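Q: First, the structure itself, so that you have it in front of you.
Derivation of every value follows stated rules applied to the coordinates shown; laboratory data play no part. Not measured: the values here are computed from a predicted model. Glycine also receives a Cβ, built like all others from the backbone with ideal geometry; neighbour counts cover every protein chain displayed.
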Amino acid sequence: MSLAAEAFVSQLAAAEPWPENATLYQPLKEDQILLSDHASSLAVQAYLRMCGLPVQVLCRVNSEFMSPSGKIPFIHVGNQVVSELGPIVQFTKAKGHSLSDGLDDVQRAEMKAYMELVNNMLLTAELYIQWCDDATAAEISRPRYSSPYSWPLSKILAYQKQWEVRRKMNAIGWGGKTLQQVYEDVSQCCQALSQRLGMQPYFFNKQPTELDALVFGHLFTILTTRLTSSELAERVKSYSNLLSFCRRIEQTYFEDKSS
Amino acid sequence: CGLSLDPLPMQGPELGIQADDIEAPEVEQEPKQEVLENKNVVVQRVHIDGLGRTKEDLLTYEIAEVFRANNLIDVMRKSHEARQKLLRLGIFRKVEVNIDTSRGEDALPNGLDVTFEVTELRRMTGSYNTMVGNNEGSMVLGLRLPNVFGRAEKLTFQFSYGTKETSYGLSFFKPQPGHFERNVSFNMYKVTGQFPWSSLRETDRGVSAELSFPMWKTNQTLKWEGVWRELGCLGQNASFAIRNESGHSLKSSLSHAMVVDTRNSSILPRKGGLLKIHQELAGYTGGDARFLKEDFEIQLNKTLYWDSVLSASLWGGLLLPFGDAPTCIADRFYLGGPTSIRGFSMYSMGPQSDGDYLGGEAYWAGGLHLYTPLPFRPGRGGFGDLFRTHFFLNAGNLCNLHYGEGPQAHLKKLAECIRWSYGLGIVLRLGNIARLELNYCIPMGVQSGDRICDGIQFGAGIRFL
């Protein structure tokens, strides 16, 4: 869409209040969804709960293809369809709900930087482990990704997705990394986050922001997802303040559902 | 051998067998004047000259009848029929018949030799077209290998490369020697389509195997098809109902079709009728889609006084899904447009969401036409004969069915809210292949959500209601 059209649409969006029937779409929870998608979806759910905006989670086999950008999750609010955390944050801001209003410019820049860190490090590491590690790809990722489809379409789609992710990894320079190097990167990222968090309840002291939602989404998913090896979870567990951070957010915002 | 871009059209001489001339038989002048027509003759030899890669055993069936002729008129007629049979194989560019008296040691006094002089088609023919469509251009390359292994097998490859989409198809056709109407064909294809009336884009990659054979007066076709379908939204403004249909699915189906066609022509017939029944069962040979689909087409034509023709047609179809999954938009029926219910926009009738038409699971459509020659018959005997005026009445309905209500409720649903239209127009016949129409239409019974095209509407196609 052109800039003018986008501005017009967000004006329209701003005019309407948040409806009761907003829905969030993600792949099937039990059989299909993968680590990286679940992390992104949980981040958005946490953010919306922190804003106090009700949203119903619907699981659809084809949610990846329904999404306008091809990425999970996306929300359907009124007539609008918005995908990924960044645009969703903008969308809710246009409707008057924001978690980062109380921050000054320096803090906001810092928040953006840390969110970039999580996206570039944690999310990429999750994708690497899922699709570039042969053991995980063969045992977990490909079977789960292809579970809703019948043969031979299941094989075709699973391999197509794997090639696509591997090509992307090569393009950003992760193709040559080994699994140990990726685990090291994850540790470093967690260390940076742990240092920033310190003893505070949230990253920017008293109030949660979208950064908290994003970090929670990824770390909680890593801690609770079974992979071929538990090393990834162990690396995260070694930072106790991150563990208590996750537990705190889970208890505050997710206590009514057993996620 | 190189690829020769031959100006020959993709369809070979088997299309539209028109009346043609037969070579005058050469008969030696007898010194005595004999009434040749009543003379009994025996066909002693039938040759085929000019064969290259064609295997002879294929052709013996086609020419066998000539041996049974026992007088000269019969020989001429059977030779003509054999020539038609040889041409319809699609492997010869030209077939000429030569009837001569027998020569040689065992020649009978009333013996005849019939020789078919054939020119085989080239091993590979090609065609190249450019097409310009809605904001896109494409280049279409066709390659055809007629008579690949010598028994009238045909291999065709078509490739279309466009600014928006690319599609291709490979097809192998093999008739049974001696029974050309019994044939089998294998196809592989990738086809993309854009459907702006539904804001839908569809890419199909499939393989199919098809067996065709005649049975009494009918032509039967059995087919297995496996298709990987990928659906997506066309543009960002697609409705959520269409967005919901995006994604991949696999259809593996068995289908059967029966056709009885007694019309004298498929475009603007003057007499005869057509009955076509088609059913498709998906899901029992694998795949995600599970349904039973039935559709039929009936057409009856009768010539009336003053060279006018009355034509009535009826179409209908039903899609029954198995299990709980809803039907896929790629399997549903669409209705409306210049080739079905005139006066309505292309496929813009029935269930819709935000202006995107979703198709329906059941439909019926009927048409009544009166074709007359152009008033005052301009250009009679020539160009004017290609045009006809027609008066038409079209009606139909398209809806979804909610199963569990029983057949009475379904029939009632189809009978409610009938859309219909009437009008008149001019029809132009393009050879034996297609037809153009320019009509003035008045749509009636329009339901909310339908998009109409009242007034002048233009249509081009092969199959019209």
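Q: Under 12 Å from the Cβ of B:LEU155, count the other residues' Cβ atoms, weight Lys and Arg +1, Asp and Glu -1, and hand me the total. Show your work: numbers first, answer last.
A: On the way: positive: B:ARG123, B:ARG144, B:LYS154, B:LYS174; negative: B:GLU153.
Charge balance in the 12 Å sphere: +3.
Q: Another one. Using θ = phi - 60° and the Karplus form 6.51 cos²θ - 1.76 cosθ + 1.60, what ³J(HN,Hα) does each residue of region B:452-465 get, whole Hz, x for Gly and Pro?
A: Coupling constants for region B:452-465: 10, 9, 7, x, 6, 9, 10, x, 9, x, 10, 10, 10, 6 Hz.
Q: Ignore the peptide's own chain and count Cβ atoms of other chains within 10 Å of each Cβ in A:65-73; give me the average, rounded. The partial results should precede the final answer.
A: Working: counts 9, 9, 2, 5, 0, 0, 0, 0, 0.
Average per residue, whole number: 3.
Q: Dipole magnitude of region B:48-127 about its Cα centre, charges +1 at Lys/Arg Cβ and -1 at Asp/Glu Cβ only, in debye to the nearest 20?
A: 540
Q: Still on this model: So if I place +1 on the C-beta of Lys and Arg and -1 on the C-beta of Asp and Glu, and nothing else carries charge, what would the dipole magnitude of region A:124-258 be about its Cα centre? I want it in debye, nearest 20. All intermediate terms of the calculation are to be shown ahead of the outcome.
A: Details: 16 positive and 14 negative charges, 45 e Å.
So the dipole magnitude of region A:124-258 works out to roughly 220 debye.
Q: Another question, if that's okay. For B:LEU304, what is the net charge nearby, where nearby means another residue's Cβ is under 15 Å from its Cβ and Lys, Arg count +1, Asp, Glu -1? Could the numbers behind the result be given before it?
A: Details: positive: B:ARG270, B:LYS271, B:LYS302, B:ARG388; negative: B:ASP307.
The answer is +3.
Q: Then there is this: Would you please put A:139-146, B:157-164, B:244-251 in order of how densely packed they are, using the mean number of other Cβ atoms within 10 angstrom per residue and starting with the highest? Mind dumping the intermediate values first?
A: Details: A:139-146: 19.2, B:157-164: 15.2, B:244-251: 22.4.
Ranked from most to least packed, the peptides come out as B:244-251, A:139-146, B:157-164.
Q: What residues have an amide H closer than 5 Å to that of B:ALA238, excluding those fewer than 5 places away on the same chain, when H is modeled at 1.01 Å from N in the peptide plane?
A: none
Q: Dipole of chain B, Cα-centred, from +1 at each Lys and Arg C-beta and -1 at each Asp and Glu C-beta, to the nearest 20 debye?
A: On the way: 49 positive and 52 negative charges, 163 e Å.
Dipole magnitude for chain B comes out near 780 debye.
Q: Rank-order B:83-93, A:17-27, A:161-171 by packing density, defined as the average count of other C-beta atoms within 10 Å over each peptide's residues, highest first.
A: Values: B:83-93: 20.3, A:17-27: 16.3, A:161-171: 14.5.
Put in order of decreasing packing, that is B:83-93, A:17-27, A:161-171.
Q: Where in region B:197-240 does the amide nitrogen come within less than 19 Å of the point 7 Å from the Cα of B:TYR61, taken along Cα to Cβ?
A: Residues passing the 19 Å test: B:210-222.
Q: Given springs between every Cα pair under 10 Å in a Gaussian network model of chain A, which of A:VAL81, A:VAL215, A:VAL118 has the largest fluctuation?
A: Comparing A:VAL81, A:VAL215, A:VAL118 in a Gaussian network model of chain A, the most mobile one is A:VAL81.
Q: Counting pairwise Cα distances across chain B, what percent come out greater than 35 angstrom?
A: Tail of P(r) above 35 Å: 45 percent of Cα pairs.
Q: Now for a different question. Rounded if a/c is under 1.5, else prolate if a/b beats b/c, else oblate: with a ≥ b ≥ c from the C-alpha gyration tensor eigenvalues square-rooted, which is chain A? Show your work: numbers first, answer last.
A: Working: a/c = 1.63, a/b = 1.15, b/c = 1.42.
Since a/c reaches 1.5 but b/c is at least a/b, the shape of chain A is classed as oblate.
Q: Just going by the charge dipole of chain B, with Lys and Arg at +1 and Asp and Glu at -1 on Cβ, which of B:GLN84, B:HIS369, B:THR60 is farthest out on the positive end?
A: B:HIS369
Q: Taking every residue in B:232-243, how many Cβ atoms of other protein chains lie within 10 Å of its Cβ, on average?
A: Counting Cβ atoms of other protein chains within 10 Å of each residue's Cβ and averaging gives 3.
Q: Out of region B:63-149, which GluC sites (Glu not before Pro) are coil in DSSP terms and have no more than 12 other C-beta atoms within 10 Å? If you can, show how the numbers build up before the last one.
A: Working: sites: B:GLU65, B:GLU81, B:GLU96, B:GLU105, B:GLU117, B:GLU120, B:GLU136; in loops: B:GLU105, B:GLU136.
For GluC sites (Glu not before Pro) across region B:63-149 that sit outside H, G, I, E and B with at most 12 neighbouring Cβ atoms in 10 Å, the list reads B:GLU105, B:GLU136.
Q: Over region A:105-254, what is the mean sequence separation of C-alpha contacts under 8 Å (at least six apart), divided by residue count, expressed as relative contact order in percent? Please report the intermediate quantities before stating the final value.
A: On the way: 103 pairs, mean separation 39.6, N = 150.
Across region A:105-254, relative contact order equals 26 percent.
Q: Gain in length, A:ASN120 to A:GLU184, computed as 0.36 nm per residue apart minus the alpha-carbon separation, to one decimal in nm? Walk me through the intermediate numbers first.
A: On the way: separation 64, 0.36 × 64 = 23.04 nm, distance 1.41 nm.
Full extension from A:ASN120 to A:GLU184 adds 21.6 nm.
Q: Rounded, prolate or oblate, given the Cα gyration tensor of region A:3-94, with a/c below 1.5 counting as rounded? Present the calculation step by step, with values, prior to reporting the outcome.
A: On the way: a/c = 1.99, a/b = 1.60, b/c = 1.25.
It is prolate, given that a/c is not under 1.5 and a/b is the larger ratio.
Q: Using θ = phi - 60° and the Karplus form 6.51 cos²θ - 1.76 cosθ + 1.60, what ³J(HN,Hα) does each residue of region A:149-161 get, whole Hz, x for Gly and Pro?
A: Residue by residue, region A:149-161 yields 9, 8, 5, x, 4, 4, 5, 4, 5, 5, 5, 4, 5 Hz.
Q: Let's test the formula: R0 of 25 Å, r as the Cβ-Cβ distance of A:GLU20 and B:ASN237. What FRET efficiency results, to the nearest 0.05? Before the final figure, lay out each step's value.
A: On the way: r = 25 Å, r/R0 = 0.98.
E between A:GLU20 and B:ASN237, to the nearest 0.05, is 0.55.
Q: Tell me, what ³J(HN,Hα) does each residue in region A:186-199 have, in order and in whole Hz, if you take phi through Karplus 6.51 cos²θ - 1.76 cosθ + 1.60 with θ = phi - 60° and put x for Gly and Pro?
A: Values, residue by residue: 4, 4, 5, 5, 4, 5, 4, 5, 4, 5, 5, 6, x, 9 Hz.
Q: Using all C-alpha to C-alpha distances in the protein assembly as shown, build P(r) with 20 Å bins and read off the rounded percent in each one.
A: Per 20 Å bin, starting at 0, the Cα pair percentages come out as 13, 35, 29, 16, 6, 1, 0.
Q: In addition: So what is the relative contact order of region A:3-94, in percent, for Cα pairs below 8 Å that sit 6 or more residues apart? Walk me through the numbers before you get to the answer.
A: Values: 121 pairs, mean separation 32.6, N = 92.
Computed over region A:3-94, the figure is 35 percent.
Q: Shape verdict for region B:42-150, please, from the Cα gyration tensor: rounded (a/c under 1.5), prolate (a/b greater than b/c) or oblate. Numbers along the way, then the final one.
A: Numbers: a/c = 4.00, a/b = 2.85, b/c = 1.40.
Prolate shape, in that a/c is at least 1.5 and a/b is the bigger ratio.
Q: Could you grab the relative contact order for chain B? Cα pairs under 8 Å, six or more apart, rounded to a whole percent.
A: Numbers: 1132 pairs, mean separation 37.6, N = 465.
It comes to 8 percent, rounded to a whole number.
Q: Also, I was wondering about something else. For a protection proxy built on the mean count of beta-carbon atoms within 10 angstrom, sort A:173-183, A:149-159 highest first, please.
A: Put in order of decreasing packing, that is A:149-159, A:173-183.
Q: Follow-up question, since we're still on this one. Rounded to the nearest 500, what is the protein assembly as shown's calculated 222 nm mean residue ellipticity when only DSSP H runs of at least 4 contribute -39500 (n - 2.57) each, over all residues?
A: Values: 16 runs with 182 residues, N = 724.
Calculated at 222 nm, the ellipticity per residue is -7500 deg cm²/dmol.
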